[in-house]
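The values are calculated or read from the model by the stated rules, or taken from the named source; none is laboratory data. Keep in mind the model is a prediction, meaning the values are calculated, not measured. Because the Cβ atoms are built from the backbone with ideal geometry, glycine has one as well, and the counts that use them run over all protein chains shown.
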Amino acid sequence: MASGSTQADSGHGGPHGGVAECEQPDPIDAAVTPSRRVLVTGASGFIAGHLLPRLASRGHRVRAMWRGREGAGRTRAPGIDWVEGDVTLPETLSRATFECDVIVHLAGCSTAQPGSSLEAVNVAGTRNLLVAGLDSGVQRIVYLSALGASPAAGPYFRSRFQAEDAVMSSGVEHVIVRPAVVYGPEDHFVSSILALLRKLPVFPMLGDGTFRLQPIAVEDLVDVLTQSVERPDVEGGLYEVAGPDRISFTSIVRTVGEVAALRRPILPLPDGVASPVTRLAQGAGFATPFTKEQLDVLRRGSVLSGDDNPLRTVFRIKPLPFRDALEDYLASGPGRPEDGSRSGGAT
Ligand SMILES: NC(=O)c1ccc[n+]([C@@H]2O[C@H](COP(=O)([O-])OP(=O)(O)OC[C@H]3O[C@@H](n4cnc5c(N)ncnc54)[C@H](OP(=O)(O)O)[C@@H]3O)[C@@H](O)[C@H]2O)c1
């Protein structure tokens, strides 16, 4: 999909203001960016752990919404106001959205949770948040969707598409970002590969491992989200963003093994075996890089459909190469942020 795509390009239909590449100014300079009151949902998650300190460091007044779950991570970055809220419980949301200018909506799940379906969290939860945001006079919502969102894909990607639809038809200024798989300190993707490399003498490869991915470094995604909060001109866009490398899953595993000094033989699992094995592993609580559902989509290739990458053309970011960023990430301690600023549980 082209940068700053229209709703029609994205499958949502109807006219919608995209952003043409040639019209893009350079990202707003920190010195002239007005401070906004920003609510970040999903604040105990991986991406929020990187975004919250960035927003605060740029002078925004940041409120972080989390569920107060025991064991959930919270960044210790200063100047962040923590508030409890659950997107499936509308009555908990107005305290979070009160007097906010912008919402960055990261709360979501990729598999159904006990007592909560994908529809309830990703679709109805987004609608609940939009209602609370509208009541509070929020001016903009930045919605983090996922590359592959489509009405024709499996339940996860369908729920993302439906949530995008809710955002687009809400009447609130919006920016929608569809990232490829995201990696960095405290991620789910590389951490799961590392866990398998550490625990097993061989790496069980799903299918033949030739399906390609285009992983994006969390720093780059955080930059996109920050610009989406600050730049008036990106409003109304739907941006598919990814890293610079289109790499097969096998190459990713090899690269992680090399960089982490955990080289393992790769054991291909034939098609008929891969999904049941993944299901069994997940049922046993074993870390796997993807949910069974995501696996089906990822195996079709989770890469941008064309050469255009809005990361470069719209957001003016030179994307970090996978190997370089991985080396930095693992040098800082896998699974831990560089500054050690996050902790499990309430802090
Ligand atoms: N990481 C990736 O590669 C990637 C790629 C594409 C899209 N995304 C999407 O981007 C978003 C952020 O990603 P992430 O990697 O940071 O995910 P994450 O670490 O799994 O964090 C998800 C966050 O959503 C919160 N949440 C879940 N259900 C909620 C509910 N009912 N009410 C309020 N909060 C709820 C979680 O809270 P608890 O801590 O209480 O569970 C957590 O803070 C997610 O929606 C994810 O699906 C991620």
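Quick one: is Gly42 assigned to a loop (DSSP other than H, G, I, E, B), within 15 Å of the ligand (Cβ to nearest atom), in contact (Cβ under 8 Å) with a residue 40 or more places away in the chain and crowded, with 18+ Cβ neighbours inside 10 Å? Spelling it out, Gly42 is indeed assigned to a loop (DSSP other than H, G, I, E, B), within 15 Å of the ligand (Cβ to nearest atom), in contact (Cβ under 8 Å) with a residue 40 or more places away in the chain and crowded, with 18+ Cβ neighbours inside 10 Å.
Would you say Arg37 is away from the ligand (no atom under 11 Å from the Cβ), in contact with a strand residue (DSSP E or B) (Cβ under 6 Å, 6 or more places away or on another chain) and either modelled with pLDDT under 95 or within 22 Å of Val121 (Cα to Cα) (or both)? It is false that Arg37 is away from the ligand (no atom under 11 Å from the Cβ), in contact with a strand residue (DSSP E or B) (Cβ under 6 Å, 6 or more places away or on another chain) and either modelled with pLDDT under 95 or within 22 Å of Val121 (Cα to Cα) (or both).
For the criterion of being over 18 Å from the mean Cα position of the chain (by Cα), buried (at least 18 other Cβ atoms within 10 Å of the Cβ) and within 16 Å of the ligand (Cβ to nearest atom), Asn122 fails.
Filtered by the rule that a residue be of a type in the set (D, E, K, R) and crowded, with 20+ Cβ neighbours inside 10 Å, the stretch 151-164 gives Arg160, Glu164.
Listed conditions (1) in contact with a helix residue (DSSP H, G or I) (Cβ under 8 Å, 6 or more places away or on another chain); (2) in a helix (DSSP H, G or I) are all met by Asp165, apart from (1). Return yes when Leu89 is more than 18 Å from Arg127 (Cα to Cα) and at pLDDT 95 or above and no when it is not. The answer is no for Leu89. Considering the stretch 183-281, the qualifying strands (runs of 3 or more DSSP E), each wholly inside and each with 2 or more residues that are at pLDDT 95 or above and within 16 Å of the ligand (Cβ to nearest atom), run over 238-241. Of the strands (runs of 3 or more DSSP E) lying entirely inside the stretch 53-117, the ones with 3 or more residues being over 19 Å from the mean Cα position of the chain (by Cα) and touching a residue at least 12 places away in the same chain (Cβ under 8 Å) are found at 80-84. Among the residues in the stretch 48-55, are any surrounded by fewer than 23 Cβ atoms within 10 Å (Cβ to Cβ), touching a helix residue (DSSP H, G or I) at 6+ places or on another chain (Cβ under 7 Å) and on the phi < 0 side of the Ramachandran plot? So far as the stretch 48-55 goes, yes, one or more of its residues are surrounded by fewer than 23 Cβ atoms within 10 Å (Cβ to Cβ), touching a helix residue (DSSP H, G or I) at 6+ places or on another chain (Cβ under 7 Å) and on the phi < 0 side of the Ramachandran plot. Residues in the stretch 84-109 that are more than 12 Å from the ligand (Cβ to nearest atom) and either within 22 Å of Pro232 (Cα to Cα) or in contact with a Lys or Arg (Cβ under 9 Å, 6 or more places away or on another chain) (or both): Thr97, Phe98, Glu99, Cys100, Asp101, Val102, Ile103. Just to be sure before I move on: is Tyr156 within 11 Å of the ligand (Cβ to nearest atom), not basic (Lys, Arg) and not in a helix (DSSP H, G or I) in the structure I sent? Here the answer is no, as Tyr156 does not meet what is asked.
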